[in-house]
1. Taking amide hydrogens as modeled 1.01 Å from N in the peptide plane, which residues meet the under 5 Å criterion relative to VAL138, leaving out close sequence neighbours?
2. Between PHE120 and GLN331, what is the label-to-label distance in nm when each label sits 7 Å out along the Cα-to-Cβ direction?
3. Taking the Cα of ARG42, stepping 7 Å toward and past its beta carbon, and measuring to each backbone N in segment 222-240: which are under 13 Å?
4. Expressed as a rounded percentage, what relative contact order does segment 92-145 have, with Cα pairs under 8 Å and six or more residues apart?
5. Just to be sure I understand: with springs between alpha-carbon atoms less than 10 Å apart, which residue in CYS387, CYS90, CYS60 has the highest mean-square fluctuation in the Gaussian network model of the chain?
6. ALA381 versus GLU402, label points 7 Å from Cα toward the beta carbon: distance in nm?
7. Pop the C-beta distance of ARG259 and ALA420 into the FRET formula with R0 = 60 Å and round what comes out to the nearest 0.05.
8. How large are Rg and Dmax for the chain when calculated on the C-alpha trace, in angstrom?
Amino acid sequence: MKSGLSSPRKTARKTPQKTTPNTAPQTVPLSVPLAVPLLDLRRQYDGIREDVLVAIARVCDSQSFILGPEVEALEREIAALTGAACAVGCASGTEALWLALVAAGVKPGDSVITTAFSFFASASAIVRAGATPVFVDVDPGTLNLDAAAVGRRLRTKRPENLRAILPVHLYGQCADMDAFDRIVKENAKEFEVAIVEDAAQAIGAEWNGRGAGSLGVTAAFSFYPTKNLSAYGDAGIVTTSRPEMAEHMRRLRNHGSPRRYYHDEFGWNGRMDAIQAAVLRVKLAHIADWNQRRRQHAATYDRLFANSGLTANHGSDESAAPVRLLSRSPQAKHVFHQYVIRTQRRDELRKFLTERKIGSEIYYPLPLHLQPVFSYLGLKAGDLPVCEQAAREVLALPMFPELTEAEIRLVVESIADFYA
Ligand SMILES: Cc1ncc(COP(=O)(O)O)c(C=O)c1O
């Protein structure tokens, strides 16, 4: 495999040498990294430390720790960012999914169609709402829930009491929301189905210029510490443009209670801490810039992979290339929560990268329909072949705003070395 790239690891170890008259002097390029983490939150903290500490002190001074003005301010700011009319802060992305589903009308005995290629919570929240997840395969290009496969499923074997479809905006790229809207409209006379977005990985993402979080009836975001917009602990938020659903979610996150010590329905303690809201508000001021930097890093990865000959060039057989990139939908503004490649020698490559101290991760190694906890659904290996193959091939590479071009080069050069 033509690498087309020099090896910075070797260069970095070189010590200055005596040169012959025709040889350029060797220098030690100190900017060349010797290891690349998958994510380095410390670099982000270094840039915002003072503001974060002031925000946390503000909450401590107020001695108001749960919900309250910080959470309300964050709710307004997230609503403005996403374009949804309302946002409801809560304890985690998982909690947000449960609130979004219940507010959208999902109840015990219902079915909800979703992808089997996501984090566990996308499906466990459906179960917690009392409903049955119906797993459908993913699009082979984007690995998002395949709207065409959902359409086929509705025509051939519509799940009983289907109440919602839950697409996940995987890795920060919106699922095909035009196609899901069409499904809702085409079937409107026969049955009603709500689109609930799992936007946990997609804060700031867009579809046709509209923000993730404003594309479905309700949407759930996670602020887990590794997310593009992340708290200093667990936190999440739900968005909707239907005020009555927002009010319902406000009650549900607080024991189903419309006023203190009066309970009309069962809810839980799903409230957001004020300290998390205060930290998130500091970071929110940077999210557009951070997402833009992620897009630039993705473009750098794309370019270096193309130059290295690892990915297929135009006209050549893409499926034969050692490294394949995921498709990008032209309607989507991607926020690259993850930069993911596909390769048949994934596990060997990962071991090689780990030995070179380059971080990587597999999102996700076992599709949801094959998780032991979902065996009661009766699905088996081979039932959802596209996501099963993806689970064998995907590898997420280092991606965070403060990543440097030298680090990206080292990652791509190391992958080229592996295939050399
Ligand atoms: C797609 C997806 N859905 C749901 C969640 C759950 O979010 P949380 O970890 O904040 O509960 C996550 C994140 O972990 C996720 O990536």
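The values are calculated or read from the model by the stated rules, or taken from the named source; none is laboratory data. Being a predicted model, the structure only gives us computed values, none of them experimental. Cβ sites come from the backbone with ideal geometry, for glycine too, and all protein chains shown count toward neighbours. Heads up: the accessible areas ignore ligands, DNA and RNA and are worked out on the full protein's heavy atoms, side chains in. Shrake-Rupley method; radii C 1.70, N 1.55, O 1.52, S 1.80 Å.
1. Those lying under 5 Å, H to H, from VAL138 are ASP146, VAL386, CYS387.
2. 3.3
3. No residue qualifies, since no backbone N sits under 13 Å from the label point.
4. So the answer I get is 39 percent.
5. Maximum fluctuation in the GNM of the chain, among the listed residues, is at CYS60.
6. 4.2
7. Values: r = 68 Å, r/R0 = 1.13.
FRET efficiency, ARG259 to ALA420: 0.30.
8. Cα-based Rg and Dmax for the chain come out at 23.2, 88 Å.
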